[in-house]
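Asks: Quick one: the structure is below, questions incoming.
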Amino acid sequence: MNKTVCAANTVILSTLLAVLFSTRSFSQDADGPDILSKMRSFDEAFLQSHTIVLRIQTPAKRDNEYERGRKITKITTTSHDGAMAVEREISYTDTPAYREKTPATEIDYRPDGRLIVWRHTRERSLLEPDFQGHSDELTCVLVSPDGQTTEFQAGNPSFDLYRPSDAKRHLFMWIPIWSTGRGFTRSLSSINEVSQSEDGLITFTASGVLHPRVQGTWRMVVDPKAGYLVRSASFAAARAAAPSFVCTTSGTKWFDSCALAERANVSRGLDLVDQTVRTATIEDYKPQADMALFEKTRKILRGPLPKGARVYDWVINPQNVVAYIAGVHPLSDDDLLDTVAEANLPAESNQVSDKPNSGAAPPHDSNEIKKPSQPPVDRNDSSDQNTRSPAAGANARSPFFWTLVALIACAIVAIAAIRYAKSKK
């Protein structure tokens with residue numbers, strides 16, 4: 001064999017070794033069941049009892065078009081023996097902007113022309129084996145045409161009551177935890193494809209759920225050196241054209257032996273509809289539950305509800321909300337909106353529009369009160385979507401497949417090199 005053939009074979013062998021060692025698809029460190037087991041052990045230790053404080057920034061315009069600046073939310077979440085409590089304290093960097101009234105305007109104005117803007121200021125959530133609920137406190141801001149604002153605290157908070165088994169509602173509590181790079185394994189069933197890069201990061205796809213009604217595929221990158229901390233996670237429902245949840249983390253904060261992500265960017269993560277990117281920064285962590293927060297949240301959500309508060313009850317039938325005013329018999333949709341407007345507007349601004357869907361009624365997460373004939377639509381349930389993500393087919397290819405393709409390509413190059421060398425003799 002002449003020097004040309006030897007050189008060709010040397011190049012080919014080096015290429016093969018580089019391909020094999022770059023994928024390391026079947027190395028001991030990148031075994032699917034082993035990775036899932038290790039991730040679960042870290043998650044279980046973290047979730048058994050903890051308290052974390054996060055600060056999340058969101059463009060305020062996401063809430064409504066007349067907001068400016070940013071909305072800053074301080075989230076405290078604590079867990080203990082399977083129960084969770086969350087408190088959100090919300091502030092805004094800027095005042096709302098005035099908007100001229102037009103025939104198409106859905107928001108409401110006082111008779112003196114001031115715009116009525118509702119803002120969320122404090123939210124509480126509680127999940128226990130026999131209870132799940134959420135409360136929402138609002139502030140009313142009146143904006144005059146010259147930009148002057150007057151702010152009032154709305155009367156009573158609103159309450160949402162859910163079945164403890166209604167896992168879709170759990171997302172509101174879990175996404176802040178995911179922002180730390182922990183807690184994902186409860187949504188994974190099996191890891192299907194694994195590869196590990198030279199920097200030690202492990203990439204894999206896994207079958208799983210976002211919540212029980214939405215099954216699909218997770219794609220994750222984890223860092224074994226930081227206790228299998230999740231560095232990137234995206235979830236795409238079956239037949240969905242795009243991911244319905246995307247989270248990337250950066251930085252590492254060590255709290256004794258517990259590693260958490262310092263920062264996270266989450267998109268499509270709170271209501272699973274919009275594409276706003278929220279930046280989360282971890283401020284504190286304790287390996288113990290905040291029992292004072294538990295007791296305060298229980299008192300508010302499980303105690304007697306204040307008379308006049310709006311209540312949205314999903315317990316009787318999770319598909320059709322029953323809405324009423326605490327201490328009052330259930331009302332029709334229009335009566336409820338009128339009563340809410342009167343109960344929550346400040347005393348000086350009780351005069352509101354006669355429209356049943358007037359913006360004077362404080363906003364609610366459900367956007368509207370569903371009638372029995374209008375069950376809420378799960379916007380993540382993509383069973384009616386026939387579009388498959390172009391990336392889905394590529395993700396279905398295992399690292400072994402691409403290694404085999406590389407081997408075949410190298411073999412073809414080797415044969416061509418040998419034939420060329422022989423033709424020169």
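Asks: Only one of these is more than 21 Å from THR73 (Cβ to Cβ) and not aliphatic (A, V, I, L, M): THR252, THR297. Name it.
Replies: THR252
Asks: Working only within the range 83-103, note down all residues that are over 14 Å from THR139 (Cα atoms), without any contact (Cβ under 8 Å) to a residue 40 or more places away in the chain and surrounded by 19 or more Cβ atoms within 10 Å (Cβ to Cβ).
Replies: Within the range 83-103, ARG88 is the sole residue that qualifies.
Asks: If you go through the range 148-194 one residue at a time, how many are at pLDDT 90 or above and either among the β-branched types (Val, Ile, Thr) or more than 26 Å from the chain's Cα centre (by Cα) (or both)?
Replies: 9
Asks: Condition check: surrounded by fewer than 17 Cβ atoms within 10 Å (Cβ to Cβ) and either touching a Gly at 6+ places or on another chain (Cβ under 9 Å) or part of a helix (DSSP H, G or I) (or both). Does PRO176 satisfy that?
Replies: For PRO176, the condition - surrounded by fewer than 17 Cβ atoms within 10 Å (Cβ to Cβ) and either touching a Gly at 6+ places or on another chain (Cβ under 9 Å) or part of a helix (DSSP H, G or I) (or both) - is not met.
Asks: Now for a separate question. Go through (1) of a type outside the set (Gly, Ala, Ser); (2) outside any loop (DSSP other than H, G, I, E, B); (3) in contact with a Gly (Cβ under 9 Å, 6 or more places away or on another chain) for HIS170 and report which single condition fails.
Replies: Here HIS170 meets the rest and fails (3).
Asks: Would it be correct to say that GLN288 is modelled with pLDDT of 85 or more, assigned by TED's automatic domain parsing to the domain that holds SER125 and in a loop (DSSP other than H, G, I, E, B)?
Replies: yes
The values are calculated or read from the model by the stated rules, or taken from the named source; none is laboratory data. Just so it is clear, the model here is predicted, and its values are computed rather than measured. FYI the Cβ positions are ideal-geometry reconstructions off the backbone, even for glycines, and counts take in every protein chain you see.
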